[in-house]
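My structure is below; once you've seen it, I'll send some questions.
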Amino acid sequence: MTTMLTGSVVRPGDPGYEEARLNINARFSKYPAAIVFCEHVEDVANAVRWSRKNGYPLRVRSGRHCYEDFTLADGGIVIDVSPMNDVRFDPASGTAVVQTGIRQLSLYEALWREGVTIPGGTCPWVGIAGLTLGGGLGFLSRLLGLACDQLLEVEMVLAGGQVIRANDRQYADLLWASRGGGGGNFGIATSFTFRAHPVSEVAIYRIAWPWGDLPQLLNVWQHWAPSVDERLTPSLVLSASSNDYCSSSGLFLGPERRLRELLAPLLGTGTPLETEIMTVPYLEAMYRFGGLRKEQSQWQMIPERRYRFKNSGGFVYRPLPPQAISTIAAFLDAAPSPLCMIVFEGMGGRLGRIPAHATAFVHRQASFHMQYITQWDDPAADEPHLRWAESIRKALLPYTFGQYVNYPNVFDPDWAHAYYGSNLNALRRIKRKYDPDNVFRFAQSIPPL
Ligand SMILES: Cc1cc2nc3c(=O)[nH]c(=O)nc-3n(C[C@H](O)[C@H](O)[C@H](O)COP(=O)(O)OP(=O)(O)OC[C@H]3O[C@@H](n4cnc5c(N)ncnc54)[C@H](O)[C@@H]3O)c2cc1C
């Protein structure tokens, strides 16, 4: 058994250290002792053993999109699985074995070549590892459930460096915890086996309204979205008033004609400025929602740049009363920048029929999720943006219940209950069983019972 660091190890002073130590959120800047880019499961196991033997804190990283930078530690060892990004689809079983270093769009592209997909989010660069371990909300959630609901097996390196496979026959509690219990808590996932779903063409829409339509639009959307035909997962974006627009988009696994009928309540609200409804291949829908641009008949990725952001949010179980809608409008009217917005993600459908205790993702009965988003570049503008994101969360607390672990928020002292609710104790027991020494520890890791 080796206790060497293997893989590609980047240390301070090495070329590439600067790039290797930074994540997407430019609010954070930490200096790890080493970043270990792992190509094989053995590299991950060696890094865990080596870090423990030499007394280094360790962190786990894949797609680098954690809101609060839980993947980095000053003076720590970052175990980065991003070089492990192989995808194998087995048509006979309809399952895909996916290494955890892959990012969403690359996974969608690989699966599309096989005529299948798994439900996930829309940002091309988000890592499948963090997304799945925390849940995975997206435009197929109401029809197929969350990304974690498709998870059949996880290969994981545990705190002692041993490699195990958790499925419903062995380590079933670890599989349960990996379905929404949050990344970085129990071990390092190196591959996922997903149930994949056939997909071809889909109908998508986008409607925009003037900002002044916000109160009636939000009210109609919130009553319509949770119970509309579950083949449709809709979202709603309410932006800062200075942009003078609000919009709703969604994806429907059915004919465009039927989608148009389903959208009647939205189209009959306020004065829509633009309406786009179209049928496209599923992959093109992901390109469009992911913000890719078509140039000379090719879809082009716009390189992602680092920016400062602070998001928070909450699940909504009951329709927002007029008072809450007024609060939302007031915050968007006083937003510190035009890039502030609130994104509502439709829930219900199949995702809501899975019992709250069947997986670690507890917020099954919510009607939708509401995310308060800020984005800026100038460090001098930190204070007003952080204040806005936290003040709106607090102002809307009477109308929300819990938070999504994939949108973590270090300002919430009650984060463990907010993320895990009545699943918290079970998660803490599983943490004690598999990581009694609390090796996988960070600001909001699950405390062992
Ligand atoms: C622009 C943007 C768009 C997003 N859109 C969506 C969306 O549509 N739907 C949605 O549900 N979420 C969305 N998210 C949230 C996203 O799901 C989380 O940020 C997720 O944790 C990112 O995973 P990652 O692998 O990219 O991040 P990382 O920063 O690498 O990791 C995130 C967490 O997972 C842990 N982790 C990473 N790899 C592993 C591993 N191999 N084994 C164990 N733990 C690991 C890390 O330690 C960390 O705690 C979005 C985030 C951003 C920034």
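Please label the shape of the range 239-300 as rounded, prolate or oblate, based on the square roots a ≥ b ≥ c of the eigenvalues of the alpha-carbon gyration tensor (a/c under 1.5 means rounded; beyond that, a/b larger than b/c means prolate, else oblate).
Oblate.
Report P(r) for the range 145-257: all Cα-Cα distances, bin width 5 Å, range 0 to the bin holding the largest distance, values in whole percent.
Spelled out per bin, shortest first, that is 2, 10, 15, 14, 10, 10, 12, 11, 9, 5, 2, 0.
What percent of all Cα-Cα pairs in the range 351-449 falls in each 5 Å bin, counting up from 0?
Binned Cα distances yield the sequence 2, 11, 18, 20, 17, 13, 10, 6, 2, 0.
About the Cα centre of the chain, how large is the charge dipole given +1 on each Lys and Arg Cβ and -1 on each Asp and Glu Cβ? Please answer in debye to the nearest 20.
So the dipole magnitude of the chain works out to roughly 1000 debye.
Heavy-atom accessible area of ASP74 with all protein chains present, probe 1.4 Å, nearest 10 Å²?
100
Sticking with this structure for a sec: Per residue, how much accessible area does the chain show when a 1.4 Å probe rolls over the protein heavy atoms, in square angstrom?
Per residue, the chain has an accessible area of 39 Å².
Name the lysines eligible as straight-distance cross-link partners of LYS394: C-alpha to C-alpha under 26 Å, and not fewer than 8 places from it in the same chain.
Reachable lysines: LYS310.
For the chain, which whole percent of the accessible surface, found with a 1.4 angstrom probe, sits on carbon and sulfur atoms?
52
Just to be sure I understand the model, the point goes 7 Å from the Cα along the line to the Cβ. What's the resulting HIS40 to GLU114 distance in nm?
For the pair HIS40/GLU114, the computed spacing is 2.4 nm.
Two decimals is fine: what's Rg over Rh for the range 8-80, C-alpha atoms, Kirkwood radius as Rh?
Rg/Rh: 0.94.
At what distance in angstrom do the alpha carbon centres of the range 120-138 and the range 50-109 lie from each other?
If we compute the Cα centre of each part, the gap is 12 Å.
Where q = 0.10, 0.13, 0.23 Å⁻¹, what log10 of I(q)/I(0) comes from the Debye formula for the range 259-379, counting one point per Cα?
Calculated log10 I(q)/I(0) at the listed q: -0.50, -0.88, -1.30.
HIS40: accessible area at probe 1.4 Å, nearest 10 Å²?
Spelled out: HIS40, probe radius 1.4 Å, area about 100 Å².
How about the range 49-120: which trypsin sites (Lys or Arg not before Pro) there are in a DSSP loop, with at most 11 other Cβ atoms within 10 Å of their Cβ?
ARG113
Something else about it: What number, rounded to the nearest 500 deg cm²/dmol, is the helix-based mean residue ellipticity at 222 nm of the chain, given -39500 (n - 2.57) per DSSP H run of at least four residues and division by all its residues?
-7500 deg cm²/dmol
Which sequence of ARG142, ARG11 reflects their accessible areas, 1.4 Å probe, from the largest down?
Descending accessible area places them as ARG11, ARG142.
Taking a quarter of the surface of the convex hull around the Cα atoms of the chain, what do you get in nm²?
21.1
Another question, if that's okay. Determine the relative contact order of the chain: mean sequence separation of Cα pairs under 8 Å and six or more apart, normalised by residue count, in whole percent.
16
The values are calculated or read from the model by the stated rules, or taken from the named source; none is laboratory data. Bear in mind that the values here come from a model prediction, so they are computed numbers and not experimental data. With ideal geometry, Cβ positions are generated from the backbone for all residues, glycine too; neighbour counts draw on all protein chains shown. Heads up: the accessible areas ignore ligands, DNA and RNA and are worked out on the full protein's heavy atoms, side chains in. Shrake-Rupley method; radii C 1.70, N 1.55, O 1.52, S 1.80 Å.
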